[in-house]
1. Could you tell me which of the residues Arg456, Arg511, Arg497 is in contact with a strand residue (DSSP E or B) (Cβ under 8 Å, 6 or more places away or on another chain), surrounded by fewer than 18 Cβ atoms within 10 Å (Cβ to Cβ) and closer than 22 Å to Thr400 by Cβ?
2. Which numbered condition trips up Asn653, out of (1) touching a Ser or Thr at 6+ places or on another chain (Cβ under 9 Å); (2) buried (at least 20 other Cβ atoms within 10 Å of the Cβ); (3) farther than 17 Å from Phe628 by Cβ?
3. Checking Phe505 against (1) at negative phi; (2) crowded, with 23+ Cβ neighbours inside 10 Å, which test does it fail?
4. How many of the residues in region 58-90 are open to solvent by less than 20 Å² (accessible area, probe 1.4 Å), farther than 17 Å from His117 by Cα and among the β-branched types (Val, Ile, Thr)?
5. Any residue in region 85-103 that is of a type in the set (Gly, Ala, Ser) and either under 15 Å from Leu266 (Cα atoms) or without any contact (Cβ under 8 Å) to a residue 12 or more places away in the chain (or both)?
6. If Gly138 passes every condition in (1) touching a Ser or Thr at 6+ places or on another chain (Cβ under 9 Å); (2) within 18 Å of Leu51 (Cα to Cα) but one, which one does it miss?
7. Please verify whether Pro470 is open to solvent by less than 10 Å² (accessible area, probe 1.4 Å) and not polar (S, T, N, Q), treating the condition exactly as stated.
8. I'd like to check which helices (runs of 4 or more DSSP H) are fully inside region 21-131 and have at least 2 residues that are modelled with pLDDT under 95.
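The values are calculated or read from the model by the stated rules, or taken from the named source; none is laboratory data. The model shown is predicted, which means the values in this text are computed figures rather than measured ones. Here the Cβ positions follow ideal geometry from the backbone for every residue, glycine too, while neighbour counts run over all protein chains shown. Remember, those area values only see protein heavy atoms, side chains included, never the ligands or the DNA or RNA. Shrake-Rupley method; radii C 1.70, N 1.55, O 1.52, S 1.80 Å.
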Amino acid sequence: MKKNPVAARLRNREEEVEEDDRKRSQQAPWRIHTLFSVECQNYFDWQTIGLVHSFMKAKQPGALTRLLSCTEEEKKQYKGMNLAPTFEVPSMSRHPKTGDWYPAINKPAGVVHWLKHSKDAENVDWVVILDADQIIRGPIIPWELGAEKGRPVSALYGYLIGCDNILAQLHTKHPELCDKVGGLLAMHIDDLRALAPMWLSKTEEVREDRAHWATNITGDIYEKGWISEMYGYSFGAAEVGLRHKINDDLMLYPGYIPRPGIEPILLHYGLPFSVGNWSFSKMDHHEDGIVYDCNRLFPEPPYPREVQVMEINPDKRRGLFLSIECINTINEGLLLQHASNGCSKPKWSKYLSFLKSKTFSQLTRPKNILPISMQKEEVQQQSLDEPGRVHSKIHTIFSTECTPYFDWQTVGLVHSFHLSGQPGNITRLLSCTEEDLKSYTGHDLAPTHYVPSMSRHPLTGDWYPAINKPAAVIHWLNHVDTDAEFIVILDADMILRGPITPWEFNAARGRPVSTPYDYLIGCDNELAKLHTSHPDACDKVGGVIIMHIDDLRKFALLWLHKTEEVRADKAHYSRNITGDVYESGWISEMYGYSFGAAELKLRHIISKDILIYPGYVPEPGVKPARVFHYGLEFSVGNWSFDKANWRNADLVNTCWAKFPDPPDPSTLDATDQDILLRDQLSIECARTLNDALRLHHERRNCGLKTTSDQNIEEKPMLPRRVGRASESLYIKNNPTPTNATHVTGTADQVDSFRYWMVSLWVLSILGFLVAMWVIFCRKKLKTRSKAYRSKRRASNSGFLDTHGHGHDRRYSDL
């Protein structure tokens, strides 16, 4: 029997990995197995060399298996059996029933065969599935990417437009669950067992549907059905209810520009790419026997020092470095394979010396997955489905205060931001008093802009922390120089599930996008008539906002002034006017937003596809939401979660503290599909929060976990009312502040707080006087016109008959 030199190298490589990592990768539930599918061709052999060599360089945990699809006739002449640890699979390139020639079907067919017949499949917990034309740059560890049972991780394949049109409606019962993913798949073995047969059958189904191969339906520019296997995967996953965590930062096509601060761990050289006058296309080497031609390599690319002077732009230059790293890694693998083939030692050359140098070894050492750098500027997002197109720059902001309550929400939101593929950077607008800052320890939880607190109004003394949101936006606009074209505004108690982009939801200058807040009934009655000169332009929106920076600059001050105005109008706090069941004016900031936008006649595109409250059943026909807003209590069986019960819990600074685990999704009752989906979404939200806390504690070097995770005691609280929240919002003193190494904002900003507040007070005085004058004039009009008063009463009565139901608690404690 022939020796397998690659298998021997794999064993040697595993022995070099640290003992604890090696043991972990071989013990349940941490066992990983990596698969890739090929055929008996020279074309796939050189790709195999590159992938296997990069697998070893990256120190990927677990075993690697090549699924080799060959006919018996092909195997007689095939020379590459020893190129990788191999599991032979019957070829389905020529379909046994239809006679259709479609080699791509071997991928799902190979996975099905491996699951049925390989003993390795019986001793694994997680499976990573790659394509042969990829280079691994760092360990792909599913749980570190956020994968969990029922929630695989994958890269974005945005060109799979069939997920959004008739193709998905024809080929899956759940088109709303269709994810445009591929390239990298990391999933639990149980999910793969459920998916694989459906992946194969859906591939056959789409392949046979020639009537829908058109480019405008599939996105396939050749209209040959070549990407049927990709749709087979997406439709198969939708059929079995698998929703993916999509991460667009894990994989990069050489020739594309990586986002600043992002280190892709996978290079996919499926498209031609070039560096200066040098170029490479895998299709030029379709019949290339380079694996068996001693000491022949692919043409050498430019050297790093040549690339250094070739491109001034640092982002583009880094993209060029990744391109040459890709081809150099393949050539390094070929050199080692030629040596194992018994080839003579190659003649010395400058290029060979470089590949064997310490410099190259350092440049290609294993990369770790890192979050977006907190110090980088936001960048233009490259869309993979539209190569070369540059979208508008985006910046995401959210407002918080210096309390443990907002700290754990910040950890959850920032964690989900990095997993969601949201373009651009994120900034926390942190509203604190100078006294708060002396004891605050959460500086490094997120990129931060510090803002003077307006929780206690400087003029009226009114305690209303919600006003910090518009005040913080104004401060950020006045003190930060951003080149972002669109701003996405979120609340801290949100979890991102996918990107929220202006180009997807059609936001434009003068046309912001938001989500429906139907309980803002004041838009339809006298409240709007009192507080805006354009009540007909009042939109009942909130939660998520996508707005052009020019509109935000014009609008922000009005948002603040209208919030003060509505807050001061205590005569109209009643539920039948505002929809506030507590009649406390707590939602004044929401009305301030709607009335401020109405003043400028900013009409919103209102999208139901963006946000969902955990515990709510998704509306039929509405696409899966991109954001969880856990502002309300939600439950699954006997388990429940209410953010208000965790107002004083310091989960961030207590090692391994987390929320009570939600039920296992496998225990849910599948009788009612709507209820099942509702509960699955609720569990996903809770799990994401706990995952974020776990990773936060790991980064803090909390040490070994105890046998039982530490749960902070949940303390039920009465509904929050104005004037009763101040005590719960103050934090404990901590004499050892954290070193804020990743915070944007300086001591100069803190020192300038009082000067900014003086300016704000002056503006607020003017706004307050105008508000009082308007209210006074309205009251005079009231006394003069009984007819008008009667008419308005009738209007209110009719309004409540239509809109006064079903929204009593939706806004509570948002």
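1. Working: Arg511 fails: closer than 22 Å to Thr400 by Cβ; Arg497 fails: surrounded by fewer than 18 Cβ atoms within 10 Å (Cβ to Cβ).
Sole residue among the options that is in contact with a strand residue (DSSP E or B) (Cβ under 8 Å, 6 or more places away or on another chain), surrounded by fewer than 18 Cβ atoms within 10 Å (Cβ to Cβ) and closer than 22 Å to Thr400 by Cβ: Arg456.
2. (2)
3. (2)
4. Of region 58-90, the ones open to solvent by less than 20 Å² (accessible area, probe 1.4 Å) are 58, 60, 62, 64-70, 80, 83-84, 89.
Next, from what is left, pick out any that are farther than 17 Å from His117 by Cα: 58, 60, 62, 80, 83-84.
Then keep just the ones that are among the β-branched types (Val, Ile, Thr); that gives none.
Total satisfying the criteria: 0.
5. Going through region 85-103, the residues of a type in the set (Gly, Ala, Ser) turn out to be 91, 93, 99.
Now restrict to residues that are either under 15 Å from Leu266 (Cα atoms) or without any contact (Cβ under 8 Å) to a residue 12 or more places away in the chain (or both): 99.
Checking region 85-103: at least one residue is of a type in the set (Gly, Ala, Ser) and either under 15 Å from Leu266 (Cα atoms) or without any contact (Cβ under 8 Å) to a residue 12 or more places away in the chain (or both).
6. Here Gly138 meets the rest and fails (1).
7. Numbers: open to solvent by less than 10 Å² (accessible area, probe 1.4 Å): yes; not polar (S, T, N, Q): yes.
Yes: the conditions hold for Pro470.
8. Details: elements: 42-57, 72-77, 106-117.
So the answer is 72-77.
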